[in-house]
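Asker: A single structure is presented below for examination.
The values are calculated or read from the model by the stated rules, or taken from the named source; none is laboratory data. Since we're looking at a predicted model, the values are computed, not measured. In this analysis, Cβ positions are derived from the backbone assuming ideal geometry, glycine residues included, and neighbour counts consider all displayed protein chains. For accessibility, only protein heavy atoms count, side chains too; no ligands or nucleic acids. Shrake-Rupley method; radii C 1.70, N 1.55, O 1.52, S 1.80 Å.
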Amino acid sequence: MVTLGFLIALEIAARHYGMPGPIVTQAQEVIIAPKSGFLLYASMALMMVVLTWKQRLVAAGAAIGIDLIFLLVRWATDTKVTEGHPFGNGALWVILGCAVIAVTRRTGQERVLLLKGVGLGLLLVTGRKTGDAWLLITSKARPTVLDQYVATADHALGDPSWLVGQIVTATGPIGARFLDAIYTQLPVAAVAVAVYQLRKVAVERRFPGHHLVRTFLVIGLLGPGIYMIFPVVGPIFAYGADGGHWALANLWPDTPPPIGTPHHMTFDEITPRNCMPSLHTAWATAIFIHSRKGPRILQFAGAFWLVATLGATLGFGYHYGADIIAGVVFTLTIEAALRSLDRGWDRSGIQLVAYGTAVFAALLVSYRYLSVEMAGHPWVFGPLLILATASVIYGYVRTTRLWDPKAAPVQQPEPQPELV
């Protein structure tokens, strides 16, 4: 009920600004071409963790068959897909069909389990739609941005967005397309890790207490609230060509901005204020954390996705270095809170969450009120920022290792006296 109330409130807020909200945009994709067919199929894969292998094959075949029908109808009616993907409707139909089956054909625990699977799949899709609505609201509700403050503070970190931007530019269109694919398909990578974590649900008939999807959804829920408190559009808009006449200057990625006295700057009502913290970094960090207990190939994929996402967020000029480290601290704090909620709060969990929250708040306050001092003394503040982030990482690793169950020692058989 809380989730439904939140979605309705967001729908009303989006309507206030003349745009459809997450409920309407999701309902439209039952018929129109979806914004991301890959995401819908990934959501269906997440839902299918509660199904048997036979049921999964039937569901996948039904989704592909429905998509083929949609393609034939669009071809027969000469309907062009100008935005989004020409596939994915079938996956959404299957998810909704499983919800109908759960209500009409299942009872008891089996109904609950199937509805949980449907809810998991729909939450991933709805989370994406909710994020889109939030981005619209930030651009309308926050006419001024704080990019000058963050860019000034970023001098303490060596202006990493400008450095990585030059490297990505030097790789040409091939490197840019590769990083763009990594950046845009982050939810698909999350589903791969989540499906591994939930692989035993169909056999055990229950979900584990904590998994990646929970962290993903909480990051998406809390992150936009920080956008409203600390609105930032990013280097490519505030200091680059994409900002048009709203940009302070066309400097990114060739020339770092000069050190001066930062001010609030007015920006357009279209560009999302979605930089602080970097949620792409936050999500990629969550994928990395949850992939650590998987097989070696999943661990490699999690590490690769984190590094590639960092390269894309900085190299495309979407984020400053200050956003990146804030995103890491943000994720570790949320992950610690969710794990504490699952296992039961104790002193170590409370201390870790409180410390992460304090460091995150200190980062935002320092970016806003100490940016000039940070730029003037980079050899002091740069290491301090890295040290603060590293301290949260160390605290998380140290504490969660104590939480992990210890493997029982193998009992060695006692030596028996030899027969003479």
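Asker: Could you grab the relative contact order for the chain? Cα pairs under 8 Å, six or more apart, rounded to a whole percent.
Answerer: Value for the chain: 19 percent.
Asker: Could you state the number of Å between the C-alpha centres of region 72-141 and region 209-253?
Answerer: Here the two parts' Cα centres lie 25 Å apart.
Asker: What figure, in Å² to the nearest 10, do you get for the accessible area of Ser36 with a 1.4 Å probe and non-protein molecules left out?
Answerer: 20 Å²
Asker: Mind giving me the nanometre distance, one decimal, between the label points for Asp268 and Ile64, set 7 Å out from Cα along Cα→Cβ?
Answerer: 4.2 nm
Asker: I'd like the FRET efficiency for Trp53 and Gln109, computed as 1/(1 + (r/R0)^6) with the beta carbon distance as r and R0 of 25 Å, rounded to 0.05.
Answerer: 0.80
Asker: Going by a ≥ b ≥ c, the root eigenvalues of the Cα gyration tensor, does region 259-338 fall in the rounded group (a/c under 1.5), the prolate group (a/b larger than b/c) or the oblate group?
Answerer: Cα axes put region 259-338 in the prolate bin.
Asker: I've got another one for you. Grab the Cα-Cα distance for Ala303 and Trp345, subtract it from 0.36 nm times how many residues apart they are, and report the gain in nm with one decimal.
Answerer: Computed gain between Ala303 and Trp345 is 12.2 nm.
Asker: To continue, here is another question. Taking only protein heavy atoms and a 1.4 Å probe, what accessible area per residue, in Å², does region 97-203 have with all protein chains in place?
Answerer: Averaged over the residues of region 97-203, the accessible area is 43 Å².
Asker: Also, quick follow-up: Per-residue accessible area for Thr184 at 1.4 Å probe radius, Å² rounded to 10?
Answerer: Estimated to the nearest 10 Å², Thr184 gives 60 Å².
Asker: Could I ask something else about it? In whole percent, and with a 1.4 Å probe on the protein chains, what portion of the accessible area of region 49-148 is carbon and sulfur?
Answerer: Percent of accessible area from carbon and sulfur atoms in region 49-148: 68.
Asker: Separate question: Ignoring ligands, DNA and RNA, please state the percent of accessible area on region 194-301 from carbon and sulfur, probe 1.4 Å.
Answerer: Within region 194-301, the accessible surface is 63 percent carbon and sulfur.
Asker: Kindly write out, for region 259-271 in residue order, the coupling ³J(HN,Hα) from the Karplus curve 6.51 cos²θ - 1.76 cosθ + 1.60 (θ = phi - 60°), rounded to whole Hz, with x marking Gly and Pro.
Answerer: Running phi through 6.51 cos²θ - 1.76 cosθ + 1.60 with θ = phi - 60° gives 6, x, 8, x, 9, 5, 10, 6, 9, 5, 9, 10, 5 Hz.
Asker: Would you mind getting me the FRET efficiency between Tyr369 and Asp254? Use the beta-carbon distance for r and R0 = 25 Å, nearest 0.05.
Answerer: 0.30
Asker: With the other protein chains left in place, how much accessible area per residue, in square angstrom, belongs to region 318-414 at a 1.4 angstrom probe?
Answerer: Accessible surface, normalised per residue, equals 56 Å².
Asker: When the chain is fully extended, how far beyond the present Cα-Cα distance does Arg292 get from Ile229, taking 0.36 nm per residue of separation?
Answerer: Value of the extension gain: 19.4 nm.
Asker: Can you work out the accessible area per residue across region 47-92, with the rest of the protein chains kept in place, probe 1.4 Å, in square angstrom?
Answerer: 62 Å²
Asker: Compute the longest continuous run of the chain that contains no exposed GluC sites (Glu not before Pro); treat a site as exposed when its DSSP state is not H, G, I, E or B and it has at most 10 other Cβ atoms within 10 Å.
Answerer: The reported range is 84-417.
Asker: Using a ≥ b ≥ c from the Cα gyration tensor of the chain (square roots of the eigenvalues), is it rounded, prolate or oblate, where a/c under 1.5 gives rounded and otherwise the larger of a/b and b/c decides, a/b for prolate?
Answerer: Verdict is oblate for the chain.
Asker: Let me ask another. Arrange the residues Tyr196, Tyr355 by how much accessible surface each exposes, largest first, with a 1.4 angstrom probe.
Answerer: The ranking, largest first, comes out as Tyr355, Tyr196.
Asker: Also, I was wondering about something else. Would you list Lys35, Lys293 from the most to the least accessible area, probe 1.4 Å?
Answerer: Reading off the accessible areas and sorting them downward yields Lys293, Lys35.
Asker: Keeping all protein chains in position, work out how much accessible area Ile95 exposes to a 1.4 Å probe, and write it in Å² to the nearest 10.
Answerer: Using a 1.4 Å probe on the heavy atoms, I get roughly 0 Å².
Asker: Between Ala354 and His245, how many nm apart are label points set 7 Å from Cα along the C-beta direction?
Answerer: 5.3 nm
Asker: Under the rule of at least 5 residues apart or a separate chain, name every residue whose amide H is placed under 5 Å from the amide H of Leu51.
Answerer: none
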